[in-house]
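The block underneath contains the structure these notes are about, expressed in structure tokens.
The values are calculated or read from the model by the stated rules, or taken from the named source; none is laboratory data. Every value quoted in this text rests on a predicted model; they were computed, and no experiment measured them. With ideal geometry, Cβ positions are generated from the backbone for all residues, glycine too; neighbour counts draw on all protein chains shown. Ligands, DNA and RNA are stripped out before the accessible areas are found, and what is left, the full protein with its side chains, is counted by its heavy atoms. Shrake-Rupley method; radii C 1.70, N 1.55, O 1.52, S 1.80 Å.
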There are 4 protein chains.
Amino acid sequence: MRAHTGRRRNDAARRAILEAAAKLLACADPVTIDAIAAEAGVGRQTIYRWWPSKGAVLLEAMSELARQAAPRPDTGSLEGDLTAFLTATFRAAGTEPNTAVLRTAMAEALRDEHAAELLREFTAGRREELSAVLAPWVPAAELDLAVDQAFGVLWYRLLLGHAPVDRSTARSLAALLVRQLQSA
Amino acid sequence: MRAHTGRRRNDAARRAILEAAAKLLACADPVTIDAIAAEAGVGRQTIYRWWPSKGAVLLEAMSELARQAAPRPDTGSLEGDLTAFLTATFRAAGTEPNTAVLRTAMAEALRDEHAAELLREFTAGRREELSAVLAPWVPAAELDLAVDQAFGVLWYRLLLGHAPVDRSTARSLAALLVRQLQSA
Amino acid sequence: MRAHTGRRRNDAARRAILEAAAKLLACADPVTIDAIAAEAGVGRQTIYRWWPSKGAVLLEAMSELARQAAPRPDTGSLEGDLTAFLTATFRAAGTEPNTAVLRTAMAEALRDEHAAELLREFTAGRREELSAVLAPWVPAAELDLAVDQAFGVLWYRLLLGHAPVDRSTARSLAALLVRQLQSA
Amino acid sequence: MRAHTGRRRNDAARRAILEAAAKLLACADPVTIDAIAAEAGVGRQTIYRWWPSKGAVLLEAMSELARQAAPRPDTGSLEGDLTAFLTATFRAAGTEPNTAVLRTAMAEALRDEHAAELLREFTAGRREELSAVLAPWVPAAELDLAVDQAFGVLWYRLLLGHAPVDRSTARSLAALLVRQLQSA
DNA sequence: GCCTAATCGAGACGGTACGTCACGTCTTCAC
DNA sequence: GTGAAGACGTGACGTACCGTCTCGATTAGGC
């Protein structure tokens with residue numbers, strides 16, 4: 001038995017696919033596999049060879065996009081750190097095309113188990129970031145719920161659009177959470 | 001001029017459609033117009049005559065389902081009222097088939113503007129309920145954000161599934177929010 | 001038992017329907033019941049009350065249109081009479097909108113037994129006309145086939161459109177048929 | 001540049017579609033695309049990929065069916081050849097399921113320009129056959145009209161059904177045409 | 001002058017077929 | 001074996017007409 005024969009995976013194709021997906025993700029309208037393949041100059045099968053579904057491609061593309069976002073602030077106070085984190089996060093999420101990307105990603109995750117898994121991983125990563133920020137000051141028992149309150153507001157507003165996702169929201173939310181967490 | 005001519009809308013068909021939609025909504029797998037029509041014993045066109053899209057039917061069905069849910073508690077304390085409201089709400093939303101219904105409704109709203117509008121209306125109604133509960137005790141400036149924190153946690157967990165939506169979550173959340181709001 | 005009570009049939013509606021059908025028949029594109037009803041300013045049911053199918057309306061409209069066409073020539077010779085008859089018939093049938101009417105009528109007759117029956121009646125009438133023209137000169141045994149040869153050429157060209165249906169065709173055909181019939 | 005990439009057209013599917021169409025064509029009742037697809041064990045889209053309309057499929061199927069029909073008789077006499085040709089043709093056309101096939105084909109051609117074009121091609125081929133039979137004996141100027149007389153009788157009777165399309169008709173018609181053509 | 005009943009325009013109803021779109025799989029040939 | 005190209009079976013979509021079934025309004029004898 002040979003360990004491996006034949007042509008090796010073309011990383012250029014992989015990157016082209018993710019970039020095409022990212023580009024289309026930002027357009028707000030539903031993304032098709034054909035569109036990704038055409039935009040990437042790639043055969044449809046090349047996508048299915050490496051990802052289990054359309055949603056998986058989109059989610060991976062989104063995760064790459066959002067990789068750089070997170071600062072790990074250290075201002076010396078809970079309120080300072082939390083404000084810095086939430087401000088950065090809300091500003092990023094509330095700005096197009098990111099808003100459209102996140103909404104489309106959630107839409108995909110609700111229809112595709114592969115995408116759902118990747119979105120769970122992505123959001124778990126974000127929660128860990130925020131947990132790390134809060135951990136020094138907050139009792140462990142309250143951590144998870146506090147984190148979900150912050151990201152809950154973010155996603156709830158993002159998906160429904162009834163209220164802004166912006167810097168000022170982030171600041172108010174940080175202040176409220178601080179009061180809640182420190183009054184223990 | 002006559003006020004109206006022609007056969008009137010068949011209310012039995014309308015109800016059959018919404019009930020069929022509600023039934024299928026609870027099944028967790030994607031709902032098709034054909035399935036609704038068949039389940040309701042109705043022609044497809046009768047659906048398209050009265051609703052602009054599949055999403056609109058589903059959202060209307062969901063809204064009818066959830067109409068009765070809300071208690072308007074009056075225990076005499078912020079913590080009592082809030083706990084009662086959130087406990088009831090989380091328990092309802094966290095129980096199948098309601099969880100599936102809400103997830104499907106959101107999935108539809110993310111792809112269909114008509115459904116989105118109806119989901120906005122539905123969630124606005126729920127926020128008003130909670131606002132009414134909080135209003136006596138909470139400064140107006142903090143109301144909206146507090147409400148979004150509560151429903152944010154609910155939807156965030158519902159959609160991602162990383163943590164439970166249950167009575168105990170509701171109680172913890174109520175306690176946290178009370179601390180936050182009363183420490184002002 | 002009373003012989004009859006209630007409102008009588010509205011002849012204006014009947015005429016409006018046939019005229020609307022005639023008008024739409026002339027347009028070459030497929031005619032719908034809705035279009036007839038709208039054009040006639042009539043409810044759909046008023047059509048179905050009096051005709052068994054769409055085709056029946058169209059065929060009756062066509063028959064009324066074509067009622068006046070037939071001359072009963074008497075030039076004193078077989079060739080003269082035949083030429084006169086065929087010339088008139090081919091010129092009428094070969095001119096728009098009559099061509100479209102006949103084609104549409106046949107299309108309808110091929111899908112609708114009521115229309116087929118009416119088209120059979122209509123064409124039977126036309127064949128009788130031609131038979132009457134030929135009868136004085138042609139042995140009875142050959143009459144039917146000769147008549148079918150004439151109308152056969154007419155319809156064959158009308159339906160396929162590979163060759164004209166015009167006065168000169170009529171004259172050539174008349175001459176050929178005369179030779180055939182007189183050489184007995 | 002490559003001459004061609006991608007999977008090739010599946011000829012088995014093509015044949016299955018045409019055979020299914022032929023089979024359904026013979027059933028006298030209206031043919032649907034779904035029925036063809038199901039009978040052929042093929043997706044609907046595979047039909048639309050290769051034929052512009054339902055009529056085009058049906059006409060192509062009919063043309064294949066009728067390909068073998070034509071004898072090219074050579075009995076040494078006009079009457080002999082013509083009788084042989086018309087007898088064979090009328091017998092074939094006048095026998096079920098061929099009659100139903102031809103009627104359905106015409107019905108389709110009257111509603112669908114693609115089918116009309118294919119029916120024109122088919123009938124043109126048949127006319128050429130008959131022209132070739134007649135050419136040695138008939139002046140060119142009279143050829144087309146004589147041919148249209150023969151096929152005219154065939155189609156006229158086929159479509160209206162007022163008189164038989166059979167061997168004896170063919171013989172009488174041949175005799176009449178011979179008299180007409182030879183008495184010049 | 002009512003009563004009865006059939007007709008009218010309007011339009012909603014359950015159906016059937018249409019032609020399109022996107023999916024995820026498969027097949028072909030080039031590399 | 002991987003790549004682009006593209007045909008394949010599948011199944012939902014939204015539209016167009018069909019022929020039937022209500023509606024309330026209108027009309028016209030028979031009593």
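List the pairs whose first member sits in the range B:14-26 and is touching a residue at least 60 places away in the same chain (Cβ under 8 Å), whose second member is in a helix (DSSP H, G or I) and polar (S, T, N, Q), and whose Cβ atoms are under 6 Å apart, counting only residues at least 6 apart or on separate chains?
Correct list of pairs: B:25/B:104.
What residue, among those in the range C:162-183 that are outside any helix (DSSP H, G or I) and within 7 Å of chain D (Cβ to nearest Cβ), is least open to solvent (accessible area, probe 1.4 Å)? First the steps, then the outcome.
Taking the range C:162-183 first, the residues outside any helix (DSSP H, G or I) are C:162-166, C:183.
Keeping just the survivors that are within 7 Å of chain D (Cβ to nearest Cβ) gives C:162-163, C:183.
Numbers: C:162: 59, C:163: 25, C:183: 47 Å².
For the range C:162-183, the residue satisfying everything is C:163.
For residues that are within 12 Å of chain B (Cβ to nearest Cβ) and assigned to a helix (DSSP H, G or I), scanning just the range A:111-120, find the one that is surrounded by the fewest Cβ atoms within 10 Å (Cβ to Cβ).
Narrowing the range A:111-120 to residues within 12 Å of chain B (Cβ to nearest Cβ): A:111-113, A:115-120.
Right, trim to assigned to a helix (DSSP H, G or I) and you get A:113, A:115-120.
Working: A:113: 12, A:115: 26, A:116: 20, A:117: 15, A:118: 23, A:119: 26, A:120: 15.
Ranking the candidates gives A:113 first.
Taking residue C:107 as meeting all but one of (1) more than 8 Å from chain D (Cβ to nearest Cβ); (2) touching a Pro at 6+ places or on another chain (Cβ under 9 Å), write down the number of the exception.
(1)
Output the qualifying pairs, or none if there are none: Cβ atoms under 8 angstrom, residues six or more apart or on different chains, first residue in the range D:129-141 and part of a loop (DSSP other than H, G, I, E, B), second residue at pLDDT below 90.
Listed pairs, sorted by first residue: D:136/D:78; D:137/D:78; D:137/D:181; D:137/D:182; D:138/D:78; D:138/D:181; D:139/D:184.
Would you tally the residues in the range D:132-146 being open to solvent by less than 20 Å² (accessible area, probe 1.4 Å) and either more than 10 Å from chain C (Cβ to nearest Cβ) or closer than 22 Å to residue C:108 by Cβ (or both)? Show your work before the answer.
Filtering the range D:132-146 down to residues open to solvent by less than 20 Å² (accessible area, probe 1.4 Å) leaves D:133-134, D:138, D:145-146.
With the extra rule that they be either more than 10 Å from chain C (Cβ to nearest Cβ) or closer than 22 Å to residue C:108 by Cβ (or both), the set shrinks to D:133-134, D:138.
Of the residues in the range D:132-146, 3 are open to solvent by less than 20 Å² (accessible area, probe 1.4 Å) and either more than 10 Å from chain C (Cβ to nearest Cβ) or closer than 22 Å to residue C:108 by Cβ (or both).
If the requirement is being on the phi < 0 side of the Ramachandran plot and at pLDDT below 90, which of these qualifies: B:131, B:183, B:172?
Values: B:131 fails: at pLDDT below 90; B:172 fails: at pLDDT below 90.
From the options B:131, B:183, B:172, the qualifying one is B:183.
Residue B:123: under 16 Å from residue A:157 (Cβ atoms) and part of a helix (DSSP H, G or I), yes or no?
Values: under 16 Å from residue A:157 (Cβ atoms): yes; part of a helix (DSSP H, G or I): yes.
Spelling it out, residue B:123 is indeed under 16 Å from residue A:157 (Cβ atoms) and part of a helix (DSSP H, G or I).
In the range D:87-113, which residues are farther than 20 Å from residue D:161 by Cβ and either in contact with a Leu (Cβ under 8 Å, 6 or more places away or on another chain) or free of Cβ contacts under 8 Å to residues at least 12 places away in the same chain (or both)?
Scanning the range D:87-113 gives a single hit, D:113.
For the range C:17-109, please list each of the helices (runs of 4 or more DSSP H) lying entirely inside it that holds at least 3 residues being within 14 Å of DNA strand E (Cβ to nearest atom) and crowded, with 17+ Cβ neighbours inside 10 Å.
Per the criteria, C:33-40.
What pairs come up if the first residue lies in the range D:41-52 and is touching a residue at least 40 places away in the same chain (Cβ under 8 Å), the second is within 8 Å of DNA strand E (Cβ to nearest atom), and their beta carbons are under 9 Å apart, counting only those six or more places apart or on different chains?
Close Cβ pairs (under 9 Å, with a partner that is within 8 Å of DNA strand E (Cβ to nearest atom)) amount to D:52/D:112.
Which residues, counting only those in the range A:97-108, are under 13 Å from residue A:63 (Cα atoms) and of a type in the set (A, V, I, L, M, F, W, C)?
Across the range A:97-108, the qualifying residues are A:101, A:102, A:105, A:106.
Residue by residue through the range D:1-16, note down the ones that are near DNA strand F (Cβ under 7 Å from one of its atoms) and assigned to a helix (DSSP H, G or I).
Within the range D:1-16, D:13, D:14 qualify.
Quick test for you: out of B:56, B:88, B:66, pick the one residue that is within 24 Å of residue B:116 (Cβ to Cβ) and more than 16 Å from DNA strand F (Cβ to nearest atom). Break it down into steps so the answer makes sense when it comes.
On the way: B:56 fails: more than 16 Å from DNA strand F (Cβ to nearest atom); B:88 fails: within 24 Å of residue B:116 (Cβ to Cβ).
None of the others qualify; the one that does is B:66.
Checking residue B:127 against (1) farther than 17 Å from residue A:173 by Cβ; (2) surrounded by 15 or more Cβ atoms within 10 Å (Cβ to Cβ); (3) more than 7 Å from chain A (Cβ to nearest Cβ), which test does it fail?
Here residue B:127 meets the rest and fails (1).
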